[in-house]
Each structure stands twice: as C-alpha cells, then as structure tokens.
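A short worksheet on the structure shown next.
The values are calculated or read from the model by the stated rules, or taken from the named source; none is laboratory data. These numbers come from a predicted model, not from an experiment. Ideal geometry is used to build each Cβ from the backbone, glycine not excepted, and the neighbour counts take in all protein chains shown. For the accessible areas, the whole protein counts, side chains as well, though only heavy atoms, and no ligand, DNA or RNA atoms are used. Shrake-Rupley method; radii C 1.70, N 1.55, O 1.52, S 1.80 Å.
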Amino acid sequence: MHKHLKQELKVEMDRDTVRAQGAFKGCEHIAVLIGAPNTGKSTLFTVLTGKSVAIANWPGVTVDIEVGRIRWNGKELCIVDLPGTYGLLPTSPEEGVTRKFLSKVKPEVIVLLLDMSQPEVSLGLILQAVEALPGKVIIAGTKAELAHKMGVHVDLERIQRVFHAPVIRTSALEGVGVKELVDFIAGKRTGGRVHVDYGILEGYIERLIRHPQMEIAERRLGFSGRWIALDLLSGHDIAYRELEEEGLLELAEEARALREDFIRRHGIDPEHLIIEKRIQFIEEVAKHSIIRREPASTAWQKIADLHMHPILGPIVSTVGLLLTFAAVFSVNIGFPLNIMLEHIGYTRAAELLTNYSLSGLLTTLFDYLADKTAELLPGLIGDLIGHGIIAGVGFVLSFTPLVAMVYLSLAILEDSGIAARMAVSFHNLFKPFGLSGRSVFPLVMGLGCNVPAVLSARALSEVERFRAAFAVPFIPCQARLAVIVAFTSVFVKGVLAQSATVVLIYLEALAAALLTSLVAAYVVQPLVYGRKCLPVERKIELIMEIPPVHRPHPRVVWWSVRDNTIHFLRKAGTVIFALAIILWVIFSFGPQGEATTIEDSYAYILGKAGAIVLKPFHMEEWTARILGTGLISGLIAKEGVLSTLAIAAGSGGGDITAALRSLNLTFPQTVGFLVFTSLYFPCIATLAVMVTVLKSKKLVLSYAVYSITLALLMGLATYYALNLALT
C-alpha cells in the first residue's frame, strides 16, 4: 500500500540523520524527480505514488519536498518530488534545496524529466546531472502527446546512447512507462559517463581530479570528481563553501590557484568556456535527435478527419487498416494475396508469391544452409548445427522483415496523425471489453501474424497493454488459417459449408479474444496489480491529444522502426532461438537416444500425452496420437502441424491430403479440433514476445495453460453442439 508523507526536510543534516526520519526510514532506495518547472514532474509524482500535490503552470509551485512511499517487488521505495530547477547551480532558494538534497541525502536514483514538447530546455539540466551523478540517472520522457500535436519528435534511443542513461517514454495521462520506470528505480542501474571535451581546460580538470582530497570530496559531497572540478574552475561560491564546510581547504586553494592561472594564461573566464562547450554539445545532440515540423494542409486535415466521423469513421479506418496490413503481409509472407489468387484459380501464382515472399526467401535460404551443414558435418554435430542452431537463427530472422515492416506501417500512421483518429473511431466498440480504440492495431495485425501484433501492444498504456497481450494471440493468424483451410477442404463438403466453417472458427476466436480481455481486466489484472500498488481501471478511457495531420518524416519513421526491430531481436529473438533449440532436441531424441523416425522421439511421446487431451473428441487412438504429435510441432509454427501429420501418417510429407484423409475424422470432430488448434497459444515466438511485453515468465506460462484450457472447452462445446445438431 502507499504511505504518504509531506516532509519539509532540513537538508543541512547528514545522510544518516535524514534517512533516520520517518520519511525515509526503512527505504531501500530513495529516488528523486528533478526537472525544470512545468515539465510534468508533479503529475508524474502523483501517478507514481498516488499522492495529491499542488500542480500549476508557473515556476516554483512545488516549494516543499514531497515524499511518497511505495512497495515494489518486495522493496520499499521513497519517491521524492524536489522543487523545479533549470540546473544544479542554484539561482533561487528552491534550486538550492535541490542541490543540498542531492549532496546531503545522496539518493540512489535521479529521475530527470525530459519535456518532449520543448526538449532543448531539459537537455542542459540532463547534461549537468549526468556529469555530476553518473550511473544514478534515469531519463523520463514526458508530454509525448503534446509533442506529437506540436510536430516535435525526439529520438529517445539516441538520447539514451549520448547520455549513457536509461530513457523511458512516460505518459501520466495514459500510464505509459510507469511500471518500467519503477522497475528501473527498484533495480540495479549501470550508466556510463558523458565526456564533454572542454578543450584547453582539460589539463586543469585532470590536475584537480588527481588532487589527494578529491576522493574525499566525491564521497562527502556525492558528486563526481569531474563535476566538482568544473564547478570549482567556474568560480561558483557554493562549490567553495561546500569544500570549506567539509574541511577540504587544500583542494579549494588549489582550485583557486588553477582558475587564476587559466585566466592569466588564456585571458578568458573558465566558466564562459564551460558554458560554451556545453551549449555546443547540447546543440549537436538536438541537431541529430529533435525534429520540428509544421502541420499539413487544411485539405489533408479534412481527409484525415473522415476517420473520426461517427458513421464513416469506422468504415474508412477498417478499410485503411486492412489494405495497409494486407500489403505488408503479402510482401512478407504472401498472405492474404496468395489465398485470393488460389481462390480464383491462379494456384501457381499463389505458390510463387508464398515461396518468393521475404519470409519465404529467408526460410528457403536457411533451410538450404541447414541441410548443407548437416550433410557436411558428421552425424549429430552436423544435425545440431544445421537443423538446430542455423534453423533457429533462420526462424528468428524470418520474422524480422515482417516485424520491421509492421512497425514501418504503424510509424507512418502514428507520425501522420491518422493513427489517433483511427483509435477514436473504434473506441466505443472496444470500450465494453476493457480496451480502447488503440487496441484495433494489434487485433487487426493478428490476422497476419501474432508476433508483431503482440509486440505492437507495447505502445499501449500499461493497463491496456496487459489486456491486449492476453487477447491478441486468440486472433487466428495466417499460419492457423492454412491448417483450417487444409482440414476443411478434406473433411467439409461444399464451398458454402467450408466458408461457414471458417467463419464460425473466426467468430469463436474473436469471442475468445474479447472474453480474455475481460478476464484479464476483472480477474488476472487485479491480482497482479494488487501486489504492485498501481491502480487498475476496469474500463479504459481514451485520453489523448488529436494531432494535426503531418507528412511522415523519414527520420522519425526510421527511429521507430529501428528501435522496435532492435528490441525484437534483443529481447524476443533470444527466447525464440532458445525455444527452437529445445524443440529440435525433443524431435531429434527419444528414450533410446537419437531418434531415427518421429515415432522414436520425445515429441511423439508428448503427442501420446496430447492424445489424452483429445480423447473427449472420441477420436480413434491412432488418430489422436498423430494429431497430438502435430500439436507439438505446431509450437514452432502452426504450418508445421500439416507437415508433421503427413510424416507421422506415413506419406513422407508429400501428400498432405492423403495423410489427412487417413485420420478418418467426422465433421464435428474436424471443426472441434480446428477450434482447439486455432485457440491454444499460436507458437513459441508469440510466447517469447509476450514475455518481453508482460515482463513475467510466470504470467506467460499461466496464460499458456489458460489458452489451452479455454481452447479445449470451446472446441468440445463446438464438437458436442454439432453432434447434437446432426443427430
């Protein structure tokens, strides 16, 4: 639970005395929020701690030091809202409080606010803080919605690299980034040092850093030696007073002598040189990290506003989304254009599109490399490197173009201002299910592939991200559609009946997704967030700025594509690769050692266990075992269900139709099995990205069990309902 205190601290006290007070007693981490006035600092503090503090739009409103106490992952954290400041060199009593607090209390974490609507104002303070307190700084980007409305874009990834500090995009209104920020506050931080080249002053800085009393000054004042040296050479009275209070008179005298020597030799004040170099550094950062643009023409604005029309809006938005993602998925995996071509009789063109899509080309390349490696290297080693490691890398990379192009589309929609209007048009439709209109993007994207769909949920608020990540995997992707089409073409007679079957499965999948969102909102989320001390909204309100329409800027779009693709490779890619190796092991080995046939493998044994799950469908024992093995293969990709069935059924993988016919399934069994196959979690890649989005392996494992249970219940309900209807 939150414990709230308002403390007017006497920061003249030493660290131990201050921390012994009620405001900080027992806190494992003290984190302070620092930012210029009107950067959203007090609002962020309120969201983090649940406290109510005075919030206004003029400097100096927060005079007292406000303290909020929260418990997070078993740790007691104190969050402190310090007075607004433009720098660490105090020019007012409020700014003096900030400097004294940092020096006397020595908090573990410094949260610097970067106002993304006017980032240049914040960069100077951030530079000073990183120079003074390296390794302690976290940068929180605020006012992203306002910045987007104003046509201001900030490359947060570059800011992170330049300042060697974690950067987290936050939104107090939507709750975006709040959990990540608290995770960073509670966790261990590693930060490098920013090195601004001060030219001819560098030698003087180094002499002060090497002074025998500098190490003592660093320990007692809490600032880096380089910052203290710069402060002293600038001639700031407060820097000399701090040293004199600590009895470090020799260091102070040495600094005065060096400052006078520099002025005598070079004829300029060191402070002027330091300010000039810092301004140059900030201007260089701003040049490559900040873009400002004017809104588009009034005509484009009117066209974009069609998306917000109460009747035409959802129609225009739906058509736009379907066309956009159809183009992306057609280039990457062939779907849905290949299905259309095959339906109108262009089977060869459909095959070429599938084989020569980006994903198809990458798959062919890595399959070739895997087979050649397995041939060239002896025995099991060749198979491990070829069909295990190389195939695993190929599996990860085959998703990369798709992920990149999906984020390219989303970045264009977002940067242009269209995405916000689409979200508004869908909001009333999704609101009853605990989602906002923003969830339409991952849900529609899921029709093509659940991997980028779940990843795109990262752009949602913390609460909505949780629900969308649970719901999206129930949307049947093109891989599951391939299984659905194959089974219905064999076991369902007539085009009308086949079409009705596919529609039924998709409707059940949509119902499962929306039901799961409600389960996440009313059951799972309160349990999880109840321990985290964060509020849980049952219904999501869409609070957002509607920006004017902009022409998408290539650099802004590139920033989004780059950051999200790297995140996928770094976070999800490693998990996908590891799981691919595990699956290679269970298909390559069995109780007798290396498996020569699929029946000798652990996968087939697990398939027998899967037959128990399929027993209520009243299938023949052999059929249930074969289908159970196919379900294990479907963990890699649902298309693998078909090839595994063909091999296990004895057709060598060539004639899938003959293999399916040998299963002797009835119509109710077919539809019930397809519902089950379509609803249990789609593949290991989807589970991997769920781990990166939800940041909890236990939660994703619980989801996997839940999805299997729900899939089985809905599959059996469909099976028995059809049996009853046909008798």
Q. What are the residues whose amide H is under 5 Å from the amide H of Trp72, where those residues sit 5 or more places off or on another chain and H is modelled from the backbone?
A. Leu77
Q: Take the range 269-375, compute every pairwise Cα distance, and split them into 5 Å bins from 0; I just need the percent in each bin.
A: 2, 10, 9, 9, 8, 8, 9, 10, 9, 8, 7, 5, 3, 2, 1, 0, 0
Q.
Ignoring ligands, DNA and RNA, please state the percent of accessible area on the chain from carbon and sulfur, probe 1.4 Å.
A. 62 percent
Q | Amide hydrogen neighbours beyond the local backbone of Asp115, cut-off 5 Å, H modeled | A | Ser122, Thr142
Q | J(HN,Hα) series, the range 207-216, from Karplus relation 6.51 cos²θ - 1.76 cosθ + 1.60, nearest Hz, glycine and proline x | A | 5, 5, 4, 7, 5, x, 8, 5, 4, 5
Q: Bin width 10 Å, alpha-carbon pairs only: give the P(r) of the chain as whole percents, running from 0 to the bin holding the largest distance.
A: 3, 13, 21, 21, 16, 13, 8, 4, 1, 0, 0
Q. Could you give the distance between the Cα centres of the range 257-287 and the range 87-158, to the whole Å?
A. 22 Å
Q) Quick one: how many Å² of His272 are accessible to a 1.4 Å probe, rounded to 10? A) 120 Å²
Q: At 1.4 Å probe size, with every protein chain present, just tell me what the per residue accessible area of the range 359-501 comes to in Å².
A: 33 Å²
Q.
Compute, for the chain, the length of the dipole vector about the Cα centre, with Cβ point charges of +1 (Lys, Arg) and -1 (Asp, Glu) only. Units Debye, rounded to 20.
A. 1440 debye
Q: Ignoring everything but the protein chains, give the 1.4 Å probe accessible area of Phe223 in square angstrom, nearest 10.
A: 10 Å²
Q | Under Karplus coefficients 6.51, -1.76 and 1.60, residue-wise ³J(HN,Hα) of the range 441-449 in Hz, glycine/proline x | A | 5, x, 5, 5, 4, x, 4, x, 7
Q. What is the Cα centroid distance between the range 597-634 and the range 405-444, reported in whole angstrom?
A. 40 Å
Q: Provide the solvent-accessible area of Glu620, counting protein heavy atoms only and rolling a 1.4 Å probe, rounded to the nearest 10 Å².
A: 100 Å²
(Q) Using only the heavy atoms of the protein chains and a 1.4 Å probe, how would Ile475, Ile311 rank by accessible area, largest first? (A) Ile311, Ile475
**Q.** HN-Hα J in Hz across the range 408-424 - Karplus 6.51, -1.76, 1.60, θ = phi - 60°, x for Gly and Pro
**A.** 4, 5, 5, 5, 5, 5, 5, 5, 6, x, 6, 4, 4, 6, 4, 4, 5
Q: Considering only protein heavy atoms, with the full assembly of protein chains and a 1.4 angstrom probe, order His567, His618, His164 by accessible area, largest first.
A: His618, His164, His567
Q: Would you grab the residues whose amide H sits under 5 Å from the one on Glu108? Only those 5+ places off in sequence or on another chain, please, with H modelled 1.01 Å from N.
A: Ile30
**Q.** Heavy-atom SASA rank of Met714, Met116 (probe 1.4 Å, accessible area, largest first)
**A.** Met714, Met116
